[in-house]
Amino acid sequence: MNKDVMIEKTKEFVKDRLYGEGSGHDWFHIERVYNLAKYLAEEEHADTFIVEMTALLHDIDDWKFSDDSRTNTTVTENFLSSIGVDAEASKKIITIIKTMSFKGGVVDASQDTIEGQVVQDADRLDAIGAIGIARTFAYGGNKNRLMYDPAIKPMEFQSLEQVKNAENHTINHFYEKLLKLKDLMNTDTAKVLAEKRHKVIEDFLEEFYAEWNFNGEIH
Ligand code: NI
């Protein structure tokens with residue numbers, strides 16, 4: 001099987017599994033991350049096969065369901081071997097997937113390859129901007145969370161247990177994760193894209209509080 005066919009097979013596999021996923025990691029998230037990652041890979045001269053495959057498979061196995069801080073990648077590993085991806089490429093893809101996610105900022109997620117940096121940037125870019133806002137509220141709704149409660153302030157997470165068990169409202173997630181992402185971008189190309197998306201979030205929050213605290217003044 002040549003690489004283009006492998007990528008097509010992977011798209012079919014992922015679309016099949018994640019199409020209607022309800023917490024913001026659905027197929028369209030994958031498709032956006034894939035397109036962003038492909039663009040970043042070209043700009044940053046990364047290996048496009050590794051980047052494309054990793055972007056497509058990065059949410060197939062979810063760290064939130066595994067016991068330790070590392071994502072359990074059994075499903076992904078089995079799939080890669082079923083389509084004949086060689087051991088070296090497979091190892092690169094799996095290593096990135098195991099280590100790339102934010103996990104409340106309590107685990108080291110730094111990437112030492114340009115391919116890992118590019119995919120991580122793409123996933124983080126899809127967590128900010130207008131799409132990031134929409135995904136954050138979709139995720140909160142999926143978890144039955146309040147969108148906001150002014151009495152509950154954002155947390156500085158200390159452990160993965162806290163991240164997994166936090167009873168929280170959605171606005172806090174902007175402070176606990178989204179507003180931090182701009183400064184965590186790895187590549188110069190992603191930093192440029194992140195600036196605008198970060199500004200969209202800041203403007204949104206300002207308007208959100210103005211409406212929440214409406215007092216008859218027009219801003
Ligand atoms: Ni993702």
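Any read-out appearing in this document is the output of simple, stated calculations on the displayed coordinates, not a laboratory observation. These numbers come from a predicted model, not from an experiment. Note: ideal-geometry Cβ built from the backbone for every residue, glycine included; neighbour counts use all protein chains shown.
Numbers below:
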item	result
Gain on full stretching of the segment that runs from Lys11 to Phe214 - 0.36 nm per residue minus C-alpha separation	68.4 nm
Computed over region 1-106, the ratio Rg/Rh where both radii use C-alpha atoms and Rh is Kirkwood	0.94
Length added when fully stretched, Asp149-Tyr39, from 0.36 nm per residue minus Cα-Cα	35.7 nm
Separation of alpha-carbon centers, region 4-64 and region 128-202, rounded to whole Å	21 Å
Volume per residue of the C-alpha convex hull in the chain, rounded to whole Å³	124 Å³
Neighbour count of at most 14 Cβ within 10 Å plus DSSP loop: longest trypsin sites (Lys or Arg not before Pro)-free window in the chain	144-219
In order through region 175-186: 3J(HN,Hα) via Karplus (6.51 cos²θ - 1.76 cosθ + 1.60), integer Hz, x for Gly, Pro	7, 6, 9, 4, 6, 7, 5, 3, 7, 9, 5, 7
Pairwise label distance in nanometres, Asp108 with Lys196, each label 7 Å out on the Cα-Cβ vector	3.5 nm
Compactness of region 1-55 as Cα Rg over 2.2 N^0.38 Å, two decimals	1.16
Ascending count of other beta-carbon atoms within 10 Å, so fewest first, for Val192, Val107	Val192, Val107
Förster-model FRET efficiency, 30 Å R0, Phe137 and Asp188, C-beta, rounded to 0.05	0.50
For region 120-219: rounded, prolate or oblate by the Cα gyration tensor [a/c cutoff 1.5]	oblate
His45, His58, His29 arranged by Cβ crowding within 10 Å, fewest neighbours leading	His45, His29, His58
